[in-house]
Amino acid sequence: MTQPVPTKRLLLFRHAKSDWGTAAENDHARPLTKRGIAAAQAMGRILAASGQMPDRVVTSSAVRAKTTLEVARAAGKWKCPTEISDALYATDASAVLEEIRALPKSATTVLFVGHEPTWSELASFLIGGGNLRFPTAALARIDLVVPGWHAVTFGRGELVWLLQPKFFTKGKFL
């Protein structure tokens, strides 16, 4: 009797709305806006309410990505180990795939916090095509039926959901 191949869950979270008008010394240092903070809080609560919190997080080293994670985690009251990766800033889908493949086998649900256009490209490649767009603070779940993260390849994933914060923040659902 063969055992079913375990499913890994990849959560892709685009950083929340950042402030282009600040005195930040460079793009990497841009902070979140008030709207961005509210969106990150909503998405953190959504993960908690759905019971789909990550057991590991990898975030871009950009201030807006790290802050998005901190705000979402606090709002959702979920905890897990976090890695800050310079490799997720100003990158492409192939480079992020290498980061995914390096994850420990023990991790089941991993949240990556990063940027556009990489997240749209990565999600599209993982699910084998399509035209996806990640607005700020959008969050997607892609399931991968693989024996471990090392075996993740493009075209092997299934998009389970893609959520935009505007559907949850304007009506004050959360």
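Looking at Thr136, is it at pLDDT below 95 and crowded, with 16+ Cβ neighbours inside 10 Å?
No; evaluated as a whole, the condition is false for this residue.
If we scan the range 84-93, do we find a residue that is within 24 Å of Leu159 (Cα to Cα), among the β-branched types (Val, Ile, Thr), touching a Phe, Trp or Tyr at 6+ places or on another chain (Cβ under 9 Å) and buried (at least 16 other Cβ atoms within 10 Å of the Cβ)?
no
For the range 9-33, how many residues meet the condition of being farther than 12 Å from Thr136 by Cα and either modelled with pLDDT of 95 or more or of a type in the set (Val, Ile, Thr) (or both)?
4
Within the range 106-132, can you find the residues that are surrounded by fewer than 17 Cβ atoms within 10 Å (Cβ to Cβ) and touching a strand residue (DSSP E or B) at 6+ places or on another chain (Cβ under 9 Å)?
Ser106, Thr108, Glu116, Gly128, Gly130
Could you tell me whether the range 35-44 includes any residue that is within 21 Å of Ser18 (Cα to Cα), at pLDDT below 95 and surrounded by fewer than 18 Cβ atoms within 10 Å (Cβ to Cβ)?
yes
Specify which of the listed residues (Ala72, Ala49) is buried (at least 17 other Cβ atoms within 10 Å of the Cβ) and assigned to a helix (DSSP H, G or I).
Values: Ala49 fails: buried (at least 17 other Cβ atoms within 10 Å of the Cβ).
Answer to the check: Ala72.
The values are calculated or read from the model by the stated rules, or taken from the named source; none is laboratory data. All values derive from a computational prediction rather than experimental measurement. Cβ: placed from backbone, ideal geometry, glycine included. Neighbour counts: every protein chain shown.
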